[in-house]
Amino acid sequence: MKEFLEKKYKLIAFDWDGTAVYDRNSDCHQLACVIAKFLEKGTKIAIITGTNINNINNQFLSLLESDFKQNIYMLTNRGSEVFAYDKNDTLTNIYSKIASQTENDILDKIAIKIKQQIEITSKTNIKIIFNRMNRRKINLNSEWENPPKEMIKQLVIDTNHYLDKHGWSGRIKKVCDMVNTLAKSYQFKNLKITTDGKFVEIGITDKKDSMKWLVENIEVDENEIIVFGDEFGKIDGINGSDYNMILKGFSEITYVSVGVEPFAIPKGIIHEKGGEKKFLEILNRLLANLNN
């Protein structure tokens, strides 16, 4: 018997891409129906994601039919923002952390220097996405456009091969090490670095900031919290983005990965491989518990 399935949780938090949905084009009607039932029973719901609120609204919130929307929170832009519904059912930004001009300038400089250092010693064309809140995305593999999460192991292999065949003798981890070195040279403290096998993202916040906001602002005991993700394991030696949802000092929070997790995952993470289908299956099981 999987004991975690028998518990009644008061806060359900989950990652979006690869956990709640397969991709940004996924149909969310079933998910919206299940989430609405949790909200009506008083369960708090938290979406923890790197994407922005418009994407979540268009794909999911616009489908959500419930008189209890005040029980759902959207923690977006990788720990930088929190949105919730007010008493008039108006979606409101209730928290924001905004990078200073100095921080933004240094993020730009680090991303550009990484691009230059790789390109000057190879035939690789490195692209940078600048228009993300509080962070920059360094594209290491232009051959993969929208890689599905279930292909992450092959993506890591292909990205390292892509860099090698274009003459750059390094791996994804080496890029992250270079970022850390540059951050120290700029005396930039607490730079957050993550990778999904294609991008190396650098910024001032990550999903740990989202989890900290939840435990500081939502009044539930830690043993009443369950957190779902799909990237808890290391990716080429770098912690996956969902690893940052693990809070030290909160040992009674339940963590579940529904991802493929081709690399070792941290001790204590429950692995229920199956992506968004497994996530929905577990939600239905937990919902049935509330009805008993």
Residues satisfying the stated conditions in the range 265-292, i.e. surrounded by 12 or more Cβ atoms within 10 Å (Cβ to Cβ) and under 16 Å from residue 3 (Cβ atoms): 269, 270, 271, 272, 282, 285, 286, 289
Subset of the range 10-50 (residues that are touching a strand residue (DSSP E or B) at 6+ places or on another chain (Cβ under 6 Å) and farther than 17 Å from residue 84 by Cβ): 15, 19, 20
Options 27, 23; residue that is part of a loop (DSSP other than H, G, I, E, B), under 22 Å from residue 229 (Cβ atoms), without any contact (Cβ under 8 Å) to a residue 12 or more places away in the chain and under 22 Å from the mean Cα position of the chain (by Cα): 27
Which numbered condition residue 236 misses (of (1) under 12 Å from the mean Cα position of the chain (by Cα); (2) closer than 27 Å to residue 143 by Cα; (3) acidic (Asp, Glu)): (1)
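Which one of 149, 189 is in contact with a helix residue (DSSP H, G or I) (Cβ under 9 Å, 6 or more places away or on another chain), exposed (fewer than 13 other Cβ atoms within 10 Å of the Cβ) and within 20 Å of residue 238 (Cα to Cα)? Don't jump to the end; show me each part of the working.
Values: 149 fails: exposed (fewer than 13 other Cβ atoms within 10 Å of the Cβ).
Only one candidate passes the filter, namely 189.
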Residues of the range 270-292 satisfying the condition of being of a type in the set (A, V, I, L, M, F, W, C) and under 12 Å from residue 226 (Cβ atoms): 270, 279, 282, 283, 286
Condition check for residue 80: modelled with pLDDT under 95, surrounded by 14 or more Cβ atoms within 10 Å (Cβ to Cβ) and in the same structural domain as residue 286 (by TED's automatic domain parsing): no
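Could you grab me the full set of residues in the range 46-55 that are surrounded by fewer than 21 Cβ atoms within 10 Å (Cβ to Cβ) and either touching a Pro at 6+ places or on another chain (Cβ under 8 Å) or touching a residue at least 12 places away in the same chain (Cβ under 8 Å) (or both)?
To start, the set of residues in the range 46-55 that are surrounded by fewer than 21 Cβ atoms within 10 Å (Cβ to Cβ) comprises 51-55.
If the condition is that a residue be surrounded by fewer than 21 Cβ atoms within 10 Å (Cβ to Cβ) and either touching a Pro at 6+ places or on another chain (Cβ under 8 Å) or touching a residue at least 12 places away in the same chain (Cβ under 8 Å) (or both), then 51, 52, 53, 55 are the ones that fit.
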Top-ranked residue in the range 8-20 [being part of a loop (DSSP other than H, G, I, E, B) and in contact with a Leu (Cβ under 8 Å, 6 or more places away or on another chain); ranked as farthest from residue 77 (Cα to Cα)]: 8
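Confirm whether residue 205 is modelled with pLDDT under 95 and surrounded by 18 or more Cβ atoms within 10 Å (Cβ to Cβ). Spell out the reasoning first.
Numbers: modelled with pLDDT under 95: no; surrounded by 18 or more Cβ atoms within 10 Å (Cβ to Cβ): yes.
In short, no.
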Among (1) out of contact with any Gly (no Cβ under 8 Å at 6 or more places or on another chain); (2) free of Cβ contacts under 8 Å to residues at least 40 places away in the same chain; (3) among the aliphatic types (A, V, I, L, M), the one test that residue 286 misses: (2)
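How about the range 165-190: which of its residues are among the aromatic types (Phe, Trp, Tyr) and at pLDDT below 95? If you could, list the steps in order and put the result at the bottom.
Within the range 165-190, the subset among the aromatic types (Phe, Trp, Tyr) is 168, 186, 188.
Listed by number, the list holds a single entry, 168.
Mind listing whichever residues of the range 253-264 are closer than 9 Å to residue 231 by Cα, crowded, with 21+ Cβ neighbours inside 10 Å and of a type in the set (A, V, I, L, M)?
Of everything in the range 253-264, just one residue is closer than 9 Å to residue 231 by Cα, crowded, with 21+ Cβ neighbours inside 10 Å and of a type in the set (A, V, I, L, M), namely 258.
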Hey, residue 244 within 17 Å of the chain's Cα centre (by Cα), surrounded by 21 or more Cβ atoms within 10 Å (Cβ to Cβ) and farther than 14 Å from residue 12 by Cα or not: yes
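The values are calculated or read from the model by the stated rules, or taken from the named source; none is laboratory data. Owing to the predicted nature of the structure, the values given are computational and were not obtained by experimental measurement. When we count neighbours, we look across all protein chains shown, and the Cβ atoms used for this are built from the backbone with ideal geometry, even at glycine.
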